[in-house]
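Report on the following structure.
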Amino acid sequence: MSGKRRSAHPPYTYPDYKSSILRGPGRDPIDLDRLDAKHPSSMGVESGVLLAGRFRPGELDHDLTRNARRGGEPLGERLVVSGRVLDECGNPAPGVLVEIWQANAAGRYLHKADEHDAPVDPNFLGAGRCVTDREGCYRFCTIQPGAYPWKNHHNAWRPRHIHFSVIGDSLVSRLVTQMYFPGDPLLDFDPIFESVPDAARSRLIARFDLGLTQPEFALGYHFDIVVAGSGATPRDNHGSGK
Amino acid sequence: MNDETGLPLTPSQTVGPYFTLGLTPEKHESGLGPLITNEIRGEGEPITIHGKVFDGAGEPVNDAMLEIIQADGNGRLDAPGFTGFARAGTGDAVDNSYRFTTVKPGPLGKGEAPYICMIVFMRGMLLHTFTRIYFADEAANANDPVFIRLPEHRRESLLARHVESVDAVSYEFNVHMQGDRETVFFKLPHPIAD
């Protein structure tokens, strides 16, 4: 768990987040590189596989205000959420599958495990996906998710957030995270957000962006995602798709 | 590349309890169809892999998400039309087991054993982790450059066992997050030198 790269990520066990206690691995992961110096494990499946550009979401999949309508529009404040997926060198990551899921405007997930007494929205599923373009850009239309209670501790509430899953070229870049909203007072009380090292927390908070905001229609939030690794590696030899 | 010279990484957060909504949506009537399923199609012997994820108290986890990545039966990652990537959750079956339908991978190189990479996510995990599924009935395990360098008492945790099944050849692979039988988890080689 040593090394600077880990410093962005939460630890596996963060006692204030109670379910992490029994679910994080008990031992440090074994470093594949140090295990086998003679046979560079960069030849292994983990770094040999190329997943960018493999997935083809549907035309409306990126628009959560439209992709689950049943005769009406979802309720809530419309948002445009957009940004770039970049590697550590600042190169755009094209062809990356970005999947999101979230609660509706009332703070309710359309999920059998959600017992929060808040209304379901018949016109809102709360899931979307898209693939980044050549500049590494993604873009979603959605609804401002509501805060909701959970059972981690007394009077526990999750700040408003959107879950993100990112599948880039190599497995080292695999990321699942959550995007939060600026100025949310619940951030100071949320152990999941606070599990992130202090210096890195602000990277999970989207920025309000008037440029992304659509007049008379939707507020814009900008959220860039930096994933591990670099596109500028020898793996590019067979990554061109030709 | 390090934090001083590169862009700082976006931190990980837990996948939470509701990932099925977006990531394994096949059970939902409305909205998105599945983009990534629990099935891999390609050349090779059809197999299924199933198992459970156990937490530190030995209880099966009902909201884990597993992704597998593998070569096809010829040991190829880039065969035309082949995407060796699949995803499954543990919450759909009554016994909280996951299930993949795939093909048995071939070894990537001479002297290596075949294996499948697995990524483990769940509510309660703030950061995912990586493991490998080796096959207990493969003699090549004895020479695999990674497998043989693991502490001997921990190798067992990476072995999928052949089990009797009416349909395809079936393997069982359980993941143990903690304890004496804790699965070996890996830190991946990083393409940028430290």
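Basic side chains Lys and Arg get +1 at the Cβ, acidic Asp and Glu get -1 at the Cβ, and with that the dipole of segment B:49-176 about its Cα centre reaches some 340 debye.
Between A:Q214, A:Q102, A:Q178, the Gaussian network model of chain A with springs among Cα atoms under 10 angstrom shows the greatest mean-square fluctuation at A:Q214.
Positive end of the dipole of chain A (Cβ unit charges, origin at the Cα centre): among A:V49, A:A200, A:S19, the Cα lying farthest that way belongs to A:V49.
For chain A, the dipole from Cβ point charges (+1 on Lys and Arg, -1 on Asp and Glu) about the Cα centre works out to 460 debye, to the nearest 20. Mean-square fluctuations from a GNM of chain A, with a 10 angstrom spring cutoff on Cα atoms, peak among A:F140, A:F124, A:F217 at A:F217. Residue ranges B:54-65, B:116-127, B:160-171 sort as B:116-127, B:54-65, B:160-171 when ordered by packing (mean number of other C-beta atoms within 10 Å per residue, highest first). As a rough guide to protection, the peptides A:179-186, B:42-49 ranked by mean Cβ packing within 10 Å, highest first, stand as B:42-49, A:179-186. For the residues A:D209, A:D28, A:D61, a GNM of chain A with alpha-carbon springs under 10 Å puts the largest fluctuation on A:D28. In this simple spin-label approximation, A:K18 and A:Q214 carry label points 7 Å from Cα along the Cα→Cβ vector, and these lie 4.2 nm apart. The value for the protein assembly as shown of Rg(Cα) / (2.2 N^0.38 Å) is 0.94. Between the exposed loop cleavage positions of chain A, defined as GluC sites (Glu not before Pro) in a non-H, G, I, E, B DSSP state with at most 12 neighbouring beta-carbon atoms within 10 angstrom, the longest gap is A:136-215. If you take all other residues with their beta carbon under 9 Å from the beta carbon of A:G128, and give Lys and Arg +1 and Asp and Glu -1, the sum is -2. Using equal-weight Cα scatterers in the Debye expression, the normalised intensity of chain B in log10 at q = 0.12, 0.17 Å⁻¹ is -0.64, -1.26. Among B:G81, B:M65, B:G6, flag the residue with its Cα farthest along the positive direction of the charge dipole of segment B:1-119, charges on Cβ as +1 for Lys/Arg and -1 for Asp/Glu. It is B:G81. For the pairs A:K151/B:K187; A:K18/A:K112; A:K112/B:K187, note any where the Cα-Cα span goes beyond 29 Å. Beyond 29 Å: A:K151/B:K187; A:K112/B:K187. Calculated mean residue ellipticity at 222 nm for chain B: -500 deg cm²/dmol, from DSSP H runs with n ≥ 4 weighted as -39500 (n - 2.57), summed, divided by the residue count and rounded to 500.
None of the figures in this text is laboratory data; all of them are computed from the coordinates on show. Predicted model only: the values in this text are computed from it and were never measured. Please note: Cβ atoms are built from the backbone with ideal geometry, for glycine as well, and neighbour counts cover all protein chains shown.
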